[in-house]
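Heads up: the structure comes next, in structure tokens.
The values are calculated or read from the model by the stated rules, or taken from the named source; none is laboratory data. Bear in mind the structure is a predicted one, so any value in this text is a computation, not a measurement. Virtual Cβ from ideal backbone geometry, glycine too; neighbours counted across all protein chains shown.
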Amino acid sequence: MNQRKIYPIPALAQQIELEWTEELAEYCDCAHEEVVEKVREWFSLPTGAIKIKLMDESCVESRWAFFIVSEPKRAIAVFTEHCGHHLFPYHEARIYRDGELVYEQVPIP
């Protein structure tokens, strides 16, 4: 059996795409099935930068990327053009696009 080796970053990207298919379909405004079949073709990667500031004041910044926040998953997924996809906790996170605050998760008292 001749299987093509998938290295860790592409393999993890595929896993995140599958786990976030519903959210990606909503973000891309297309059917769930279309996302599964052609997931990267639906990505609209904006220019500029997104910066995520986490509850411990750690920061992550990406260019050519978009993010999706999932309240049920309690996570932020970042989808990038060339650097894989990443998951972050959303608890008390703030997200900036080109320096402007675009999302803030406010803790429930």
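If you go through segment 49-68 one residue at a time, do you hit one that is modelled with pLDDT under 95, touching a Cys at 6+ places or on another chain (Cβ under 9 Å) and assigned to a loop (DSSP other than H, G, I, E, B)?
The answer is yes, given that some residue of segment 49-68 is modelled with pLDDT under 95, touching a Cys at 6+ places or on another chain (Cβ under 9 Å) and assigned to a loop (DSSP other than H, G, I, E, B).
Do we find a residue being at pLDDT 95 or above, part of a strand (DSSP E or B), among the aromatic types (Phe, Trp, Tyr) and surrounded by fewer than 16 Cβ atoms within 10 Å (Cβ to Cβ) anywhere in segment 80-91?
No, every residue in segment 80-91 fails to be at pLDDT 95 or above, part of a strand (DSSP E or B), among the aromatic types (Phe, Trp, Tyr) and surrounded by fewer than 16 Cβ atoms within 10 Å (Cβ to Cβ).
Looking only at residues that are among the aliphatic types (A, V, I, L, M) and surrounded by 14 or more Cβ atoms within 10 Å (Cβ to Cβ) in segment 14-44, which one is modelled with the lowest pLDDT? Explain how you work it out, then say what you get.
As a first pass, look at segment 14-44 and keep what is among the aliphatic types (A, V, I, L, M): 16, 18, 24-25, 31, 35-36, 39.
Okay, now just the ones that are also surrounded by 14 or more Cβ atoms within 10 Å (Cβ to Cβ), so 16, 24-25, 35, 39.
Details: Ile16: 93, Leu24: 90, Ala25: 88, Val35: 75, Val39: 59.
So, considering only residues that are among the aliphatic types (A, V, I, L, M) and surrounded by 14 or more Cβ atoms within 10 Å (Cβ to Cβ), the one modelled with the lowest pLDDT is Val39.
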